[in-house]
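Comments concern the structure below.
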Amino acid sequence: MLAERRFGCNAPHLNSADHDRSYISARNPAVAIYRLLRNDSTFEPDAIKAMKLAYEGILIDLHVTNRADPVTQLIAKRLIEYARIGEHDPVTLREYITKEFKNS
C-alpha cells in the first residue's frame, strides 16, 4: 500500500463497497468530510466510501461527539491528504489518523 511505504505503517484490509455519491450532499451536508467531498470529483466511489468509514471511526476513537468541533475539519482534511497519495483502505486510514491525533 502506498501509505504503508510512505509512512511505515501496517493495517488489515477491508474491501470497500460501492458508494452513492448523493449520500455526501443529500444526507450530511454539515459534516466536515461530506462538505469537503461534496463537489470533489477526484475520488472514485470506493475511495469516498473508505474515507467516510474511516472518518466515522476516527470520531468514535477520539470521542468527538460534536460534529461542529473544529477538529472534525482537521480530521477530514487529513483523510483527504492520505487519500490523495493513494491510501483508500478505511482501517488503515482510521489507524493512521487516530494515532496522529492521539499523539498530538
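Values quoted throughout were computed directly from the atomic coordinates according to the rules given, and no laboratory measurement underlies them. As the structure is a computational prediction, the values presented were derived from the model and not from experiment.
In whole Hz, with x marking every Gly and Pro, tabulate ³J(HN,Hα) for the stretch 89-104 from phi via Karplus 6.51 cos²θ - 1.76 cosθ + 1.60, θ = phi - 60°.
7, x, 5, 5, 4, 4, 5, 4, 6, 4, 4, 4, 6, 6, 8, 9
Could you state the number of Å between the C-alpha centres of the stretch 86-100 and the stretch 50-73?
Value for the Cα centre distance between the two parts: 12 Å.
So if each residue of separation counts as 0.36 nm, and I subtract the Cα-Cα distance between V71 and N39, what length gain in nm does that give?
Values: separation 32, 0.36 × 32 = 11.52 nm, distance 2.13 nm.
Length gained between V71 and N39: 9.4 nm.
Per residue of the stretch 77-82, what does 6.51 cos²θ - 1.76 cosθ + 1.60 with θ = phi - 60° give for ³J(HN,Hα)? Whole Hz please, x for Gly and Pro, Karplus curve as stated.
For the stretch 77-82, the Karplus curve yields 5, 5, 4, 5, 4, 4 Hz.
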